[in-house]
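Each reported figure results from applying straightforward, stated rules to the coordinates on display, with no laboratory input. Fair warning: this is a prediction, and the values are worked out from it, not measured in the lab. Here Cβ is always computed from backbone atoms with ideal geometry, including for glycine, and neighbour counts include all displayed protein chains.
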Amino acid sequence: MERLTAADFEGTTLSRDGTLAVTFSAKWCPYCRDFMAEFKKTELSVEKAMGDVTDEGSALWDDFDLNVVPTMVLFRDGKTVWRRDGIRQVGLNGADIDALRAAL
């Protein structure tokens, strides 16, 4: 799975065309690790990537107003078209992936 950093974005715009499902995730977050394992094996009709916010100084935290990780964002031609924020001390789960599928 592709790993994206702040260098792949211009503010909140992803620097590429097409449709991409991105989960903003941090390696130190146990909820992220659990969710990313499920996200990686999930079949979707679009490409998937990890928005790496392991560095708490990453501009992505502020640019995307991330308060909780994991957070999923669906991009079309660089623009956000759907978003699902994780819940503190819960994260995201399979039902959130189903919601992403419905947004495709």
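Remarks
- Single residue of segment 49-68 satisfying the filter (of a type in the set (G, A, S) and under 13 Å from the mean Cα position of the chain (by Cα)) that is farthest from I97 (Cα to Cα): G51
- Unique residue being in a loop (DSSP other than H, G, I, E, B) and of a type in the set (G, A, S) when the list is G57, G51: G57
- Selection over segment 47-59 of residues that are surrounded by 15 or more Cβ atoms within 10 Å (Cβ to Cβ) and either touching a Leu at 6+ places or on another chain (Cβ under 7 Å) or farther than 18 Å from G11 by Cβ (or both) gives a count of 7.
- Here is the figure for segment 88-104: residues that are not hydrophobic (A, V, I, L, M, F, W, C) and not in a helix (DSSP H, G or I) total 4.
Quick grid of which residues meet (1) in contact (Cβ under 8 Å) with a residue 40 or more places away in the chain; (2) within 25 Å of W28 (Cβ to Cβ); (3) not acidic (D, E):
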site: F64; (1), (2), (3): yes, yes, yes
site: P70; (1), (2), (3): yes, yes, yes
site: G78; (1), (2), (3): yes, no, yes
site: V81; (1), (2), (3): no, no, yes
site: G86; (1), (2), (3): yes, yes, yes
site: L92; (1), (2), (3): yes, yes, yes
site: I97; (1), (2), (3): yes, yes, yes
site: L100; (1), (2), (3): yes, yes, yes
site: A103; (1), (2), (3): no, no, yes
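- Applying the condition of being assigned to a loop (DSSP other than H, G, I, E, B) and crowded, with 17+ Cβ neighbours inside 10 Å to segment 69-87 and asking which residue is nearest to the chain's Cα centre (by Cα) yields P70.
- Note on segment 20-46: residues that are closer than 22 Å to D65 by Cβ and either surrounded by 15 or more Cβ atoms within 10 Å (Cβ to Cβ) or in contact with a Leu (Cβ under 7 Å, 6 or more places away or on another chain) (or both) total 13.
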